[in-house]
Structures are given as structure tokens and as C-alpha cells.
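Here's the structure, in C-alpha cells; my notes come after.
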Amino acid sequence: GGRLARAGAVAPAEYVRTLPGHVRLLCHSYGSVVCALARPAVDDVVFLGAPGVRVESADPAVRVWAARGGRDWTRWVPAVRLGDLGHGPDPVDPRFGARVFDVGDAAHDEYFRPGTRSLRALGRIVVGEAP
């Protein structure tokens, strides 16, 4: 459901406002739902292995990136929302409007594993480059 994500979205939105310089936010799994609801003022936001994001489309004021590995179980989560159940739009769906990038066959818990395609791509985004 969305109750915990809505409650959790308050703190990151407030915290990010205090950060100087370019800010890039990496959001994984249910954290993607929290980040999407927070709508923080950042340069880039990355959704990794998201079960949905509870917003209809990418924020045009932010560079929004999305990826899902070939072995990530979240590919089986339906992109629907019924009341407060489910998280709706899949950020890797082209209709969402994110910049989708390749992370290979990563499983849900492997995006930050040293030496992986996904970690190299994330490093490039963090320094302001394309993955």
C-alpha cells in the first residue's frame, strides 16, 4: 500500500532541500515509491527495481532515469493501483517518460554490486554523465 510511502516521503523531500550543489537521488525498490511521492528538487532521480511509483509520469523538471535487471522479480508486479493497493505506473514503461538504461541481467539485490554494469551506469549518472 501507499500509507507508509506517503509518510516516508516527507523526510527525504525536506532533507534534499538542505543539500548544496547538484543532487542525484538513487532510489531502489519500495524506496522508488517513496522518492516518487517526495518529488524532491534534485538534478536526477533514478528508479531501480521499482514495483511502481504512484505517480503517472516522469517529472519534467528533473532528469528521471529507470532500470530493471533481467532477473529482477519486480518485473512480475502488475502496474496497477486499486485504491491504496499497488503502486501503479512502471517507470521503465516508455509511456512513463523516464530515460531507461541497461543494467544487464541484474537481480533485485544486485544493482550496487561491485563490478556490475548497473553500478558502472549509476556511477556515470552520479557524476552527471549518461549511463
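The values are calculated or read from the model by the stated rules, or taken from the named source; none is laboratory data. Please read all numbers here as calculations on a predicted model, not as lab measurements. Quick reminder, even Gly has a Cβ in these numbers, built from the backbone with ideal geometry, and neighbours come from all protein chains shown. These area figures cover heavy atoms from the full protein model, side chains too; ligands, DNA and RNA do not enter into them. Shrake-Rupley method; radii C 1.70, N 1.55, O 1.52, S 1.80 Å.
If you keep only loop residues by DSSP, which chymotrypsin sites (Phe, Trp or Tyr not before Pro) in the stretch 74-119 have at most 14 other Cβ atoms within 10 Å of their Cβ?
Loop-located and lightly packed - 112.
Which residue, 103, 45, 16, tops the fluctuation ranking in a GNM of the chain built on C-alpha contacts under 10 Å?
Looking only at 103, 45, 16, the biggest GNM fluctuation is shown by 16.
Any chance you could run the full-extension gain for residue 93 through residue 57? It's 0.36 nm times the residue separation minus the Cα-Cα distance, nm to one decimal.
That pair, residue 93 and residue 57, stretches by 12.0 nm at full extension.
In the chain, what percent of the accessible surface is made up of carbon and sulfur (1.4 Å probe, ligands and nucleic acids excluded)?
For the chain, the apolar C and S fraction of the accessible surface comes to 58 percent.
Indicate, rounded to the nearest 5 percent, the antiparallel portion of the DSSP beta bridges found entirely in the chain.
Roughly 5 percent of the beta bridges in the chain run antiparallel, per DSSP.
Mark the label point 7 Å from the Cα of residue 102 along Cα→Cβ and return the residues of the stretch 24-62 whose backbone N is within less than 13 Å of it.
Correct set: none at all.
Probe of 1.4 angstrom, ligands and nucleic acids ignored: what's the accessible area per residue over the stretch 24-131, in square angstrom?
Per-residue accessible area for the stretch 24-131 comes out at 50 Å².
Tell me which DSSP H helices of the chain clear both cut-offs, 20 Å or more of axial length from alpha-carbon atoms and a mean Kyte-Doolittle hydropathy of at least 0.0.
3-16
Please grab the % of Cα pairs in the chain that end up more than 20 Å from each other.
So the portion of pairs separated by more than 20 Å is 41 percent.
Give me the dipole magnitude in Debye, nearest 20, for the chain about the Cα centre, with unit charges on the beta carbon: positive for Lys and Arg, negative for Asp and Glu.
The calculated dipole for the chain is roughly 60 debye.
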